Amino acid sequence: MTPKHSSGSAENATWIEPYQKTFLERLKTQGYSACTIRSYERDIAILCEKIGNRTPGIQKIGGSEIEDYEQAVLSNCHERVRIGVKCHLRRFIEYLVEAGVTYLPEPPMKEPGIRDGLRAEYDTYLRVQRGLSEPTIRHCLSFFERFMNFRFGDGLGELNAITPEDIVSFFHKIRTKTKPYRGRTLPSHLRNLFKFLFWSGKTMRNLANSIPRIAQPQPTILPRYMKPDEIQRLIDSVRSNDAIGRRNYAMMLLIARLGLRAVEVVAIRLEDIDWRAGEILIRGKGKFHEPMPLPSEVGEAIVNYVKNGRVGDSRTLFISDRAPHKPFKDAQILRYILHKAFEKTGLKSPQKHIGSHLLRHSLATNMLGKGASLEEISHVLRHRSRVTTSIYAKCDIGALRSVAQAWPLEGGVA
């Protein structure tokens with residue numbers, strides 16, 4: 001429907017103004033600059049004028065109708081600014097959808113196939129029966145697709161026709177391609193798939209038993225770590241009096257003082273901190289949530305960031321410094337911060353790959369040097385298995401000397 005201009009169009013236009021005003025207020029709350037908000041206001045004002053000419057009724061604005069209005073605005077834009085204007089209009093239309101004023105056209109429905117149904121069943125199995133985390137489920141479903149493509153192409157063949165030789169061939173292809181898959185979890189993901197197929201009765205035999213367990217030898221090298229004064233230099237190098245510096249300083253302290261993993265740092269929410277009890281809830285691996293004491297140094301850094309640098313309405317503690325100040329999609333931000341800290345201090349990393357685990361290893365090693373037991377270190381790092389913590393025993397040279405056998409003298413042992 002094409003909007004008609006009439007003498008009452010000015011009166012009709014007033015019904016869309018509250019939505020326009022609320023949207024611009026939201027942009028301000030999200031931390032957008034005044035200049036950016038003016039650009040939004042200018043672009044959506046044209047769209048609102050066209051929408052306002054439409055007499056409001058009980059029905060929502062149709063999906064194709066709102067797209068016609070959008071296209072009418074874009075057609076009058078210079079090509080140089082069209083991408084920016086389209087972005088502004090899209091965000092405002094998404095807000096109108098949220099407010100119930102309009103709706104977007106439904107994408108063409110794809111008729112689900114047999115393979116889609118199998119994938120949906122597998123997804124439910126991983127969530128309900130196995131209770132796996134979201135990242136693990138994504139990896140399992142990814143290898144579901146890769147194996148089915150390898151064995152059946154785009155469709156889905158007879159599942160009982162899959163043989164152990166097919167699995168071996170798939171392993172060989174993954175490991176020998178130009179960029180081989182180097183992760184250690186491939187056998188586990190495939191084992192989950194074939195356990196599901198047998199559990200659901202889609203295969204007559206459990207092919208998971210034919211997938212070998214790949215030996216993971218214990219590392220022979222000592223865990224890489226840095227001295228406490230070097231760690232402090234790295235932490236101090238990211239500290240500054242702006243919002244980014246306050247945020248990065250608090251994030252680094254959480255790893256260096258509490259031994260958190262990078263993914264645990266970016267997952268912290270505002271409600272996870274109990275200021276009265278002096279505790280912070282850690283959202284750990286495998287959906288384990290554990291409270292930990294919050295040192296005053298770390299707490300003060302977080303308060304400084306929240307009060308003097310953090311903006312936006314997200315409930316996640318650490319957010320992007322760019323509007324609309326959303327949470328980080330992954331933990332790569334901490335690797336970037338640490339990399340920049342090494343550049344600024346001139347310190348040399350003890351390992352080729354610079355990652356936040358270096359701070360975690362350093363905390364454990366320095367605790368061991370101060371007399372902490374492996375059990376205490378395991379509790380701080382929240383290891384599920386003591387075997388994981390045992391790698392730090394190699395760093396306690398003094399204790400190892402007490403159990404080392406004397407070197408035989410020349411001539412051999414009498």
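The values are calculated or read from the model by the stated rules, or taken from the named source; none is laboratory data. Computed from a prediction, not measured in an experiment: that's the story for all the values here. Here the Cβ positions follow ideal geometry from the backbone for every residue, glycine too, while neighbour counts run over all protein chains shown.
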Do we find that Ala331 is in the same structural domain as Ser362 (by TED's automatic domain parsing) and either closer than 22 Å to His361 by Cα or among the aromatic types (Phe, Trp, Tyr) (or both) in this structure? yes
From the list Leu338, Leu358, Leu347, exactly one residue is aliphatic (A, V, I, L, M), under 20 Å from Asp236 (Cα atoms) and not in a helix (DSSP H, G or I). Which is it? Leu347
Please verify whether Arg175 is under 26 Å from Phe288 (Cβ atoms) and surrounded by fewer than 18 Cβ atoms within 10 Å (Cβ to Cβ), treating the condition exactly as stated. no
Specify which of the listed residues (Glu98, Glu111) is under 28 Å from the mean Cα position of the chain (by Cα) and of a type in the set (Asp, Glu). Glu98
Out of Arg269, Arg283, Arg246, which single residue is of a type outside the set (Gly, Ala, Ser) and either out of contact with any strand residue (DSSP E or B) (no Cβ under 9 Å at 6 or more places or on another chain) or not assigned by TED's automatic domain parsing to the domain that holds Phe342 (or both)? Arg246
When you scan region 108-123, do you find a residue that is in contact with a Phe, Trp or Tyr (Cβ under 7 Å, 6 or more places away or on another chain) and hydrophobic (A, V, I, L, M, F, W, C), even just one? no
With the structure loaded, tell me whether Arg26 is modelled with pLDDT under 90 and surrounded by 11 or more Cβ atoms within 10 Å (Cβ to Cβ) or whether it fails that test. yes
Residue identified as among the aliphatic types (A, V, I, L, M) and either exposed (fewer than 12 other Cβ atoms within 10 Å of the Cβ) or over 16 Å from Leu186 (Cα atoms) (or both) among Leu104, Leu141: Leu104
Are any of the residues in region 377-391 assigned by TED's automatic domain parsing to the domain that holds Ile273, more than 27 Å from the chain's Cα centre (by Cα), surrounded by 15 or more Cβ atoms within 10 Å (Cβ to Cβ) and at pLDDT 70 or above? no
Take the residues in region 261-312 that are of a type in the set (Asp, Glu), without any contact (Cβ under 8 Å) to a residue 60 or more places away in the chain and closer than 27 Å to Glu134 by Cβ, then tell me which one is surrounded by the fewest Cβ atoms within 10 Å (Cβ to Cβ). Glu271
From Asp330, Asp321, residue being farther than 30 Å from Ser378 by Cα, of a type in the set (Asp, Glu) and in contact (Cβ under 8 Å) with a residue 12 or more places away in the chain: Asp321
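Quick grid of which residues meet (1) aliphatic (A, V, I, L, M); (2) surrounded by 17 or more Cβ atoms within 10 Å (Cβ to Cβ); (3) not assigned by TED's automatic domain parsing to the domain that holds Asn149:
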| residue | (1), (2), (3) |
| --- | --- |
| Ile61 | yes, yes, yes |
| Asp68 | no, no, yes |
| Gln71 | no, no, yes |
| Arg90 | no, no, yes |
| Leu118 | yes, yes, no |
Any idea which of Gly100, Gly155 is in contact with a helix residue (DSSP H, G or I) (Cβ under 8 Å, 6 or more places away or on another chain) and of a type outside the set (A, V, I, L, M, F, W, C)? Gly155
Only one of Gly84, Gly52 is under 21 Å from Lys21 (Cα atoms) and crowded, with 17+ Cβ neighbours inside 10 Å. Can you tell me which? Gly52
Within the group Ser133, Ser200, which residue is under 19 Å from Lys285 (Cα atoms) and touching a residue at least 60 places away in the same chain (Cβ under 8 Å)? Ser133
